[in-house]
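**Student:** Shown below is the structure under consideration.
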Amino acid sequence: MPRPTRKLAAVPEAGASEQSAKRTKTSGAVATAAAPPSGLTIKSLSVRSRSTKGAASSGGMERGDSAVDLCSFKGNFQPTKMDGKSSGAPHTLKYRVSFTHGSKTISPWHDIPYRASAKTYHMMCEIPKWTRAKFEVATKEVNNPIKQDEKKGVLRTYKHGDMLFNYGFMPQTWEDPGHVSADTGFKGDDDPLDMVEVGCRQMRSGEVAEVKVLGCLAMIDDGETDWKVFCIRVDDPLAALLNDVEDLDKELPGLVDTMREWFRTYKLAEGKPLNAFALGEQCMDRRYTEKVIQETHGMWRDSEQELRRLAAPETLASPIL
């Protein structure tokens with residue numbers, strides 16, 4: 001499917017001045033792409049406006065005409081109105097958790113707004129911290145339930161050990177495998193953006209939270225760009241202290257290095273090679289991360305209907321907003 005040429009739209013500031021990206025080094029690092037020049041910006045993709053007026057929600061609101069307007073409000077979505085319904089026996093290949101909002105069946109990938117406010121975003125947890133079963137949103141199934149990943153009929157777990165963080169995805173984003181990132185040099189991994197929530201408490205699989213984004217790593221996994229977005233729940237005890245990647249280094253020293261090494265080495269236990277990182281292995285700052293979010297939201301927006309059809313060729317779920 002050919003992709004239109006897009007240029008990145010301006011991202012609204014969260015009130016703080018732009019901070020320069022910090023380089024954090026680790027010993028034994030594998031070869032990576034060269035560090036980006038100062039003032040780096042993502043060169044491709046700013047969202048092409050696609051009018052969706054007339055697709056009003058039951059609350060009388062309409063989708064906006066720009067990426068920033070689209071779902072930059074909570075609208076009639078409230079995480080507390082979400083319910084998960086399980087089917088199939090737990091710990092089996094048939095186990096699924098599907099979701100409703102109020103009385104309406106929804107796709108957590110396509111129907112939950114990516115923005116919770118002008119400064120915050122939504123995240124759905126797939127794998128709670130301190131667990132290792134590899135749950136994920138089923139991007140190729142109708143309404144995208146959560147399931148446990150499998151390989152050759154065997155349920156997958158992280159052999160490396162328990163997750164050190166709440167792991168999930170940002171709705172309404174997509175890393176397009178037909179697009180090669182100008183900054184990493186690799187194509188997208190065909191999934192929503194991965195979210196790494198570094199707060200104090202364990203989330204539940206399928207739980208939706210409002211989060212602040214802090215920074216991101218450009219992981220390269222099997223020749224594909226796989227962004228890892230660091231975030232924190234807005235109701236976390238540390239949330240007031242964490243607004244950008246430099247705050248992570250200040251308030252939680254060693255966290256970024258530890259997370260990078262976890263992502264670098266976790267496949268060794270499966271007999272696979274180390275993962276690598278682009279952008280000089282830097283954890284990029286909040287402002288850069290929000291550009292990545294806008295870019296991948298634009299990819300999702302331009303391809304939303306096709307992504308729905310791939311999962312449900314005969315039935316298209318209607319959005320709640």
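**Student:** What number of residues within the stretch 52-83 satisfy the criterion of being open to solvent by 50 Å² or more (accessible area, probe 1.4 Å), more than 20 Å from Arg308 (Cβ to Cβ) and either modelled with pLDDT of 85 or more or of a type in the set (Lys, Arg) (or both)?
**Tutor:** 5
**Student:** Residues of the stretch 223-271 being among the hydroxyl-bearing types (Ser, Thr, Tyr) and surrounded by fewer than 19 Cβ atoms within 10 Å (Cβ to Cβ), which ones? Explain how you work it out, then say what you get.
**Tutor:** Kept after step one, since they are among the hydroxyl-bearing types (Ser, Thr, Tyr), are these residues of the stretch 223-271: 225, 258, 265-266.
If the condition is that a residue be among the hydroxyl-bearing types (Ser, Thr, Tyr) and surrounded by fewer than 19 Cβ atoms within 10 Å (Cβ to Cβ), then Thr258, Thr265, Tyr266 are the ones that fit.
**Student:** Can you tell me how many residues within the stretch 153-169 are surrounded by fewer than 16 Cβ atoms within 10 Å (Cβ to Cβ) and within 27 Å of Glu306 (Cα to Cα)?
**Tutor:** 0
**Student:** Can you report the number of residues in the stretch 110-129 which are open to solvent by less than 40 Å² (accessible area, probe 1.4 Å), outside any strand (DSSP E or B) and hydrophobic (A, V, I, L, M, F, W, C)? First the steps, then the outcome.
**Tutor:** So the first thing to find is which residues in the stretch 110-129 are open to solvent by less than 40 Å² (accessible area, probe 1.4 Å), and the list is 110-117, 120-129.
From the residues that got through so far, the ones that are outside any strand (DSSP E or B) too are 110-114, 116-117, 120, 128-129.
This time we only want the ones that are hydrophobic (A, V, I, L, M, F, W, C), so: 112, 116.
Counting residues in the stretch 110-129 that are open to solvent by less than 40 Å² (accessible area, probe 1.4 Å), outside any strand (DSSP E or B) and hydrophobic (A, V, I, L, M, F, W, C) gives 2.
**Student:** Of Val180, Val142, which residue is open to solvent by 20 Å² or more (accessible area, probe 1.4 Å), in contact with a strand residue (DSSP E or B) (Cβ under 6 Å, 6 or more places away or on another chain) and among the hydrophobic types (A, V, I, L, M, F, W, C)? Outline the logic, then answer.
**Tutor:** Numbers: Val142 fails: in contact with a strand residue (DSSP E or B) (Cβ under 6 Å, 6 or more places away or on another chain).
Testing whether each residue is open to solvent by 20 Å² or more (accessible area, probe 1.4 Å), in contact with a strand residue (DSSP E or B) (Cβ under 6 Å, 6 or more places away or on another chain) and among the hydrophobic types (A, V, I, L, M, F, W, C) leaves just Val180.
**Student:** Where residues in the stretch 187-200 are touching a Ser or Thr at 6+ places or on another chain (Cβ under 9 Å) and either free of Cβ contacts under 8 Å to residues at least 12 places away in the same chain or not in a loop (DSSP other than H, G, I, E, B) (or both), which of them is surrounded by the most Cβ atoms within 10 Å (Cβ to Cβ)?
**Tutor:** Step by step, filter the stretch 187-200, then rank; the result is Gly188.
**Student:** How many residues are closer than 21 Å to Cys125 by Cα and out of contact with any Gly (no Cβ under 8 Å at 6 or more places or on another chain) if we restrict to the stretch 244-263?
**Tutor:** Residues in the stretch 244-263 being closer than 21 Å to Cys125 by Cα and out of contact with any Gly (no Cβ under 8 Å at 6 or more places or on another chain): 6 in total.
**Student:** Please verify whether Asp236 is in a loop (DSSP other than H, G, I, E, B) and either among the hydroxyl-bearing types (Ser, Thr, Tyr) or in contact with a Cys (Cβ under 9 Å, 6 or more places away or on another chain) (or both), treating the condition exactly as stated. First the steps, then the outcome.
**Tutor:** On the way: in a loop (DSSP other than H, G, I, E, B): yes; either among the hydroxyl-bearing types (Ser, Thr, Tyr) or in contact with a Cys (Cβ under 9 Å, 6 or more places away or on another chain) (or both): yes.
Spelling it out, Asp236 is indeed in a loop (DSSP other than H, G, I, E, B) and either among the hydroxyl-bearing types (Ser, Thr, Tyr) or in contact with a Cys (Cβ under 9 Å, 6 or more places away or on another chain) (or both).
Per-residue answers, yes or no, for (1) assigned to a strand (DSSP E or B); (2) closer than 29 Å to Lys291 by Cβ; (3) touching a Pro at 6+ places or on another chain (Cβ under 8 Å); (4) among the small types (Gly, Ala, Ser):
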| position | (1), (2), (3), (4) |
| --- | --- |
| Asp162 | no, no, no, no |
| Gln172 | no, yes, yes, no |
| Ala182 | no, yes, no, yes |
| Gln202 | no, no, yes, no |
| Leu214 | yes, yes, no, no |
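**Student:** If you don't mind, there's one more thing I want to ask. Among what's in the stretch 87-109 and is among the small types (Gly, Ala, Ser) and within 23 Å of the chain's Cα centre (by Cα), pick the residue that is surrounded by the most Cβ atoms within 10 Å (Cβ to Cβ). Give the steps one after another, and end with the answer.
**Tutor:** First, pick out the residues of the stretch 87-109 that are among the small types (Gly, Ala, Ser): 87-89, 98, 102-103, 107.
Imposing the further condition that a residue be within 23 Å of the chain's Cα centre (by Cα) reduces the set to 98, 107.
Working: Ser98: 21, Ser107: 24.
Top of the filtered list is Ser107.
**Student:** Determine if the stretch 288-296 includes at least one residue that is more than 19 Å from Asp191 (Cα to Cα), touching a Lys or Arg at 6+ places or on another chain (Cβ under 9 Å) and not in a strand (DSSP E or B).
**Tutor:** Of all residues in the stretch 288-296, those more than 19 Å from Asp191 (Cα to Cα) come to 288.
Cutting the leftovers down to touching a Lys or Arg at 6+ places or on another chain (Cβ under 9 Å) gives us none.
Within the stretch 288-296 (the criterion being more than 19 Å from Asp191 (Cα to Cα), touching a Lys or Arg at 6+ places or on another chain (Cβ under 9 Å) and not in a strand (DSSP E or B)), the answer is no, since none of the residues qualifies.
**Student:** Going through the stretch 135-145 one residue at a time, which ones are more than 18 Å from Gln202 (Cα to Cα) and either of a type outside the set (Lys, Arg) or outside any loop (DSSP other than H, G, I, E, B) (or both)?
**Tutor:** Step one: of the stretch 135-145, the residues more than 18 Å from Gln202 (Cα to Cα) are 137-145.
Hits for the stretch 135-145 are Val137, Ala138, Thr139, Glu141, Val142, Asn143, Asn144, Pro145.
**Student:** Next question. Would you mind telling me which numbered condition in (1) more than 18 Å from Glu175 (Cβ to Cβ); (2) open to solvent by 20 Å² or more (accessible area, probe 1.4 Å); (3) among the aliphatic types (A, V, I, L, M) Leu310 fails?
**Tutor:** Going through the list (1) more than 18 Å from Glu175 (Cβ to Cβ); (2) open to solvent by 20 Å² or more (accessible area, probe 1.4 Å); (3) among the aliphatic types (A, V, I, L, M), Leu310 breaks only (1).
The values are calculated or read from the model by the stated rules, or taken from the named source; none is laboratory data. Predicted, not measured: the structure shown is a model, and the values here were computed from it. No Cβ is skipped: glycine too gets one built from the backbone with ideal geometry, and neighbour counts run over all protein chains shown. What goes into the accessible areas is simple: the full protein's heavy atoms, side chains included, and nothing from ligands, DNA or RNA. Shrake-Rupley method; radii C 1.70, N 1.55, O 1.52, S 1.80 Å.
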